[in-house]
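Engineer: My questions all concern the structure below.
The values are calculated or read from the model by the stated rules, or taken from the named source; none is laboratory data. As the structure is a computational prediction, the values presented were derived from the model and not from experiment. Glycine also receives a Cβ, built like all others from the backbone with ideal geometry; neighbour counts cover every protein chain displayed. Heads up: the accessible areas ignore ligands, DNA and RNA and are worked out on the full protein's heavy atoms, side chains in. Shrake-Rupley method; radii C 1.70, N 1.55, O 1.52, S 1.80 Å.
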Amino acid sequence: DTEVTQTPKHLVMGMTNKKSLKCEQHMGHRAMYWYKQKAKKPPELMFVYSYEKLSINESVPSRFSPECPNSSLLNLHLHALQPEDSALYLCASSQPSGASAREQFFGPGTRLTVL
Amino acid sequence: QKEVEQNSGPLSVPEGAIASLNCTYSDRVSQSFFWYRQYSGKSPELIMSIYSNGDKEDGRFTAQLNKASQYVSLLIRDSQPSDSATYLCAVKYSSNTGKLIFGQGTTLQVKP
């Protein structure tokens with residue numbers, strides 16, 4: 001059983017739609033991450049939140065807007081996406097500091113298709 | 001530019017054999033090293049982490065780290081068809097940001 005959950009599992013949206021991806025972790029972690037993964041490529045970091053504050057934005061286009069309402073939840077708001085944004089979107093969590101601040105655990109992902 | 005290199009494979013081994021997966025990294029100032037397994041269409045699953053030179057064993061998996069030579073490897077003993085997956089090497093360079101740098105992944109095929 002994964003302790004990082006993501007909804008929805010699949011999402012199909014048009015280029016004019018607004019949608020949101022949701023992630024929840026039950027591991028007591030205080031760092032959460034969004035990654036994008038294209039087919040046959042490794043995960044690519046998008047955003048990092050540490051203690052509910054945005055600490056890294058990897059120059060992601062503004063059509064992706066992250067939000068961290070509390071220490072367990074992470075959202076990714078999507079607006080005016082392009083077909084090339086179709087990918088597997090992965091959420092991960094870890095401790096932000098200390099000896100265990102190393103291992104990142106991934107959720108099952110949301111498979112996004114932009115038409 | 002920090003880089004993590006893996007042979008993309010596929011690496012094909014017979015069932016019961018030892019599979020050896022290798023990874024090199026470019027920056028000596030690196031702290032933590034991870035192996036993730038990813039089945040087709042699924043998310044990465046953390047299977048091993050290693051932080052100091054030497055070997056770390058967990059069941060059929062052994063991670064080996066050599067910081068002087070800047071490589072980390074994963075050995076899978078008694079390989080099973082269920083081990084067939086893509087194995088991603090990841091390196092964490094900074095203790096502050098939590099950012100992982102991933103290799104391209106090695107595809108392992110275990111043939112019955």
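Engineer: Which distance in nm do the two modelled labels at A:I56 and B:D78 give, with both placed 7 Å along the Cα-to-Cβ direction?
Structural biologist: Rounded to a tenth, the inter-label distance reads 3.7 nm.
Engineer: Hey, another quick one. Report the gain in length on full extension from A:A80 to A:E3: 0.36 nm times residue separation, minus Cα-Cα distance, nm rounded to one decimal.
Structural biologist: In short, 24.6 nm is gained.
Engineer: Provide a whole-number value for the mean count of partner chain Cβ atoms within 10 Å of the Cβ atoms in peptide A:102-115.
Structural biologist: Counting other chains' Cβ atoms within 10 Å and averaging over A:102-115 gives 3.
Engineer: Give me the one-decimal nm value for the distance between modelled label points at B:S20 and B:S8, 7 Å along each residue's Cα-to-Cβ direction.
Structural biologist: So the two model labels end up 2.4 nm from each other.
Engineer: Over the protein assembly as shown, with every protein chain in place, what whole percent of the accessible area is carbon and sulfur at 1.4 Å, could you tell me?
Structural biologist: Solvent-exposed carbon and sulfur of the protein assembly as shown make up 48 percent of the total.
Engineer: What distance in nm separates the simple spin-label points at A:H26 and A:L115, each placed 7 Å from Cα in the Cβ direction?
Structural biologist: 3.4
Engineer: Here are some pairs, A:K22/B:K42; A:K18/A:K40; A:K9/A:K53; A:K41/B:K99; A:K18/B:K99; which of them have Cα atoms lying more than 23 Å apart in this structure?
Structural biologist: From the list (A:K22/B:K42; A:K18/A:K40; A:K9/A:K53; A:K41/B:K99; A:K18/B:K99), the Cα-Cα distance tops 23 Å for A:K18/A:K40; A:K9/A:K53; A:K18/B:K99.
Engineer: Dipole size in debye (nearest 20) for chain A around its Cα centre, Lys and Arg Cβ +1, Asp and Glu Cβ -1?
Structural biologist: About 280 debye.
Engineer: While we're here: Which whole number gives the average count of other chain Cβ atoms within 10 Å of the Cβ atoms across peptide B:98-105?
Structural biologist: Shielding by partners across B:98-105 averages 6.
Engineer: Given the whole protein assembly as supplied and a 1.4 Å probe, what does the accessible area of A:T5 come to in Å², nearest 10?
Structural biologist: Spelled out: A:T5, probe radius 1.4 Å, area about 50 Å².
Engineer: Sort B:56-69, B:21-34 by the packing proxy (mean of other Cβ within 10 Å over each peptide's residues), most packed first. Working shown, then result.
Structural biologist: Working: B:56-69: 14.4, B:21-34: 18.1.
Averaged packing, sorted descending, gives the order B:21-34, B:56-69.
Engineer: Please identify every one of the trypsin sites (Lys or Arg not before Pro) in segment A:1-90 that sits in a loop by DSSP and has no more than 11 other beta carbons within 10 Å of its own beta carbon.
Structural biologist: Numbers: sites: A:K9, A:K18, A:K19, A:K22, A:R30, A:K36, A:K38, A:K40, A:K53, A:R63; in loops: A:K9, A:R30, A:K38, A:K40, A:R63.
For trypsin sites (Lys or Arg not before Pro) across segment A:1-90 that sit outside H, G, I, E and B with at most 11 neighbouring Cβ atoms in 10 Å, the list reads A:K9, A:K40.
Engineer: Then there is this: Can you list, by residue number, the Cys in the protein assembly as shown that have no neighbouring cysteine C-beta under 4.7 Å?
Structural biologist: Result for the protein assembly as shown is A:C68, no neighbouring Cys Cβ within the cutoff.
Engineer: Another question, if that's okay. Ballpark to the nearest 100 Å², how much total accessible area do B and A bury together, probe 1.4 Å?
Structural biologist: It comes to approximately 1600 Å² buried between B and A.
Engineer: Further question: Counting only heavy atoms of the protein chains, get the accessible area per residue of chain A (1.4 Å probe) and round it to a whole Å² value.
Structural biologist: In whole numbers, chain A has 49 Å² accessible per residue.
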